[in-house]
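Have a look at the structure below, then the notes.
The values are calculated or read from the model by the stated rules, or taken from the named source; none is laboratory data. These figures come from a predicted structure and were not determined experimentally. As a convention, Cβ positions derive from the backbone with ideal geometry for all residues, glycine included, and neighbour counts pool all protein chains shown.
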Amino acid sequence: MAFPRGEQYRSKGVKIGTGCRIWGKIDLHYPSAITIGNNVVLGGQSFIISHCPIRGTDHESMKITIEDNAWIGYGCIILPGTHIQKRTIIGAGSVVSGECLSDSVYAGNPCKFIRKRNRDEIIRTFLLIKQGFVVSIPSINPTRKITKEEITELFQK
């Protein structure tokens, strides 16, 4: 199943790109405030929350953006006002709020920067997602070869 649960959220107004694996849940209070890019993995028991009684209904402060090729681990909570940039990994159980920079690993409660990712790791993770091998160890050697076009697309800014 390449797109579990995604269609139900897309039909409610959440903007979801192609090739995503939505194993977690998305709060539908403000579905138009949520944008999910291509090839994003939302781990099981994770939750994207689109409302906050403290922020009221200010849609600008409620926006949640998850850019292409991000990988959100099991049991994460994504809070309103979060922006996860391209090719970022969020560790299991993290509570995410604010900006997560591209090509990085973040984890914890509250979520904090752990380290930058190197190009080889990013390509391995991309291959695993494309093949449907979404596992917890991104160092497994995938059998599918990545094309030059896919690498170009992966690293576009």
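List, please: which pairs have Cβ atoms under 9 Å, are six or more places apart or on different chains, and start with a residue in region 47-72 that is over 30 Å from PHE155 (Cβ atoms) and of a type in the set (D, E, K, R) and end with one that is surrounded by fewer than 14 Cβ atoms within 10 Å (Cβ to Cβ) and at pLDDT below 90?
As it stands, the answer is ARG55/SER61, since those pairs meet every condition given.
Taking interchain pairs and intrachain pairs at least six residues apart, which have beta carbon atoms under 8 angstrom, with the first residue in region 14-25 and closer than 17 Å to CYS76 by Cβ and the second in a strand (DSSP E or B) and of a type in the set (Phe, Trp, Tyr)?
Listed pairs, sorted by first residue: GLY24/PHE47; LYS25/PHE47.
Just one of the numbered conditions (1) farther than 25 Å from GLU7 by Cα; (2) at pLDDT below 95 is not true of ALA33; which one?
It is condition (1) that ALA33 fails.
Keeping to region 68-90, report how many residues are touching a Lys or Arg at 6+ places or on another chain (Cβ under 9 Å) and closer than 20 Å to ARG119 by Cα.
Count: 8.
Could you pull out the residue among PRO110, PRO138 that is in a loop (DSSP other than H, G, I, E, B), surrounded by 11 or more Cβ atoms within 10 Å (Cβ to Cβ) and at pLDDT 75 or above?
Step by step, each of PRO110, PRO138 is checked, and only PRO110 is in a loop (DSSP other than H, G, I, E, B), surrounded by 11 or more Cβ atoms within 10 Å (Cβ to Cβ) and at pLDDT 75 or above.
Those residues that are among the hydroxyl-bearing types (Ser, Thr, Tyr) and either part of a loop (DSSP other than H, G, I, E, B) or modelled with pLDDT under 75 (or both), I need them from region 113-135; list them, please.
Across region 113-135, there are no qualifying residues.
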